[in-house]
Amino acid sequence: MRLFWIAVAAAAAMLAGPASGQQWPARNVKLIVPYPAGGNVDSAARIIADKLQERLGQPFIIENKAGAGGMIAGEAFAKSPNDGYTLFVGANGPVLFATEINKRDAYSWKRDFLPISTISMTPLVLEVHPSVQAQNLKEFLDLAKREPGKLTMASPGPGTTNHLLSELMQSTLGLQWVTAHYRGNAPATNDLLGGQVQFAFDQLSVSLQYIKTGLFRALAVTSPHRLKALPDVPTFAELGYKDFDAQTFTGVFAAAGTPAPIVDKLHEALVAILKDPGVVDKFDKLGAEAVPMTPAEFTAYLEREDAKWIPIVRKANIRAD
């Protein structure tokens, strides 16, 4: 009789896995965000959290875990159960670069994260202070070549996409300028406004208001196509610099090993949300583009970004402060 009940229990356990996946979510879902409230990634997370709650019927609660370039959040997420009740809303730095520049194998997106979908793509814009004698990209590059080390670039921190694009341009084009690292976009932007530094590669969501009012001059954008918000500003690619396509992604990850029914249900919900005109408009206002991907497409995208940027990190010997 005892063996009979053991067999029944085992059969019930086998059935419970897929069933629980189909019933997900049955309670609150936590979204770990590796930055403080108010930034690009946090804003993206809050947009989708509200809509996920509407579609799936359970609260999706934001937990901001800032610090160490996103590693605190990434490490915490890597230790979470793979039951779909803890998700990660990450970006380039925490997902791809943080462990490399900190030289700590605390987690790996390839080992510990399961990519579900991108949420948005935010291009960078090369912008200069009005005092810089360059009206377009050619004049800027000529100035940098003519006076190496004279220009100073405002970076929101070592290992950010902004910083890596700067290193890639210097290495590829044989240029040299000074890099001033700040703790985030806000202080970097303030010094560019004041003219203490001459230029930046900045997220459009941060700089658009200053470009529109003439406080910054936009020379080129890193997106594959011209932006609706800046239709007169050319892309690097159309100016002949195709290697400088660089965007900040935000994306949703589950823990590795999360059951397929949960992954499928979450992905289906995200795709529907990111095609909602109201959501598209919210991202437009952030200077970003709502972009869903399949898990396979997202994984392939991350592989390409790894192959492109990690060699830059190593060649420039980029280390965390």
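Among the residues of the stretch 303-318, are any within 23 Å of V33 (Cβ to Cβ), among the charged types (D, E, K, R) and in a helix (DSSP H, G or I)?
Yes, some residue in the stretch 303-318 is within 23 Å of V33 (Cβ to Cβ), among the charged types (D, E, K, R) and in a helix (DSSP H, G or I).
Please work out which residue is nearest to I262 (Cα to Cα), limiting yourself to the stretch 87-104 and to residues that are open to solvent by 20 Å² or more (accessible area, probe 1.4 Å) and polar (S, T, N, Q).
Filtering first and then ranking leaves T99.
Consider only pairs whose beta carbons are under 8 Å apart and that are at least six residues apart or on different chains; among these, list those whose first residue lies in the stretch 307-321 and is in contact (Cβ under 8 Å) with a residue 60 or more places away in the chain and whose second residue is among the basic types (K, R) and open to solvent by 40 Å² or more (accessible area, probe 1.4 Å).
R319/K103
Hey, can you tell me all the residues within the stretch 40-65 that are open to solvent by 50 Å² or more (accessible area, probe 1.4 Å) and not in a helix (DSSP H, G or I)?
Hits for the stretch 40-65 are G57, I61, E63, N64, K65.
Just to be sure, is A76 open to solvent by less than 50 Å² (accessible area, probe 1.4 Å), assigned by the TED database to the domain that holds K275, in contact with a Lys or Arg (Cβ under 9 Å, 6 or more places away or on another chain) and in a helix (DSSP H, G or I)?
It is true that A76 is open to solvent by less than 50 Å² (accessible area, probe 1.4 Å), assigned by the TED database to the domain that holds K275, in contact with a Lys or Arg (Cβ under 9 Å, 6 or more places away or on another chain) and in a helix (DSSP H, G or I).
Identify, please: which residue in the stretch 255-314 is in contact with a Ser or Thr (Cβ under 9 Å, 6 or more places away or on another chain) and among the basic types (K, R) and is, among those, least open to solvent (accessible area, probe 1.4 Å)?
K282
What are the residues in the stretch 28-39 that are touching a residue at least 12 places away in the same chain (Cβ under 8 Å) and open to solvent by 60 Å² or more (accessible area, probe 1.4 Å), if any?
N28, K30, Y35, P36, A37 - these are the residues of the stretch 28-39 that are touching a residue at least 12 places away in the same chain (Cβ under 8 Å) and open to solvent by 60 Å² or more (accessible area, probe 1.4 Å).
For residues that are β-branched (V, I, T) and open to solvent by 20 Å² or more (accessible area, probe 1.4 Å), scanning just the stretch 204-247, find the one that is nearest to T122 (Cα to Cα).
Only one residue fits best here, namely V206.
Only residues that are open to solvent by 60 Å² or more (accessible area, probe 1.4 Å) and in contact with a Lys or Arg (Cβ under 8 Å, 6 or more places away or on another chain): list them for the stretch 121-143, please.
Q135
The values are calculated or read from the model by the stated rules, or taken from the named source; none is laboratory data. Predicted, not measured: the structure shown is a model, and the values here were computed from it. Neighbour counts run over all protein chains shown; Cβ positions are idealised from the backbone, glycine included. Quick note on the areas: whole protein, heavy atoms, side chains included, nothing else; ligands and nucleic acids left out. Shrake-Rupley method; radii C 1.70, N 1.55, O 1.52, S 1.80 Å.
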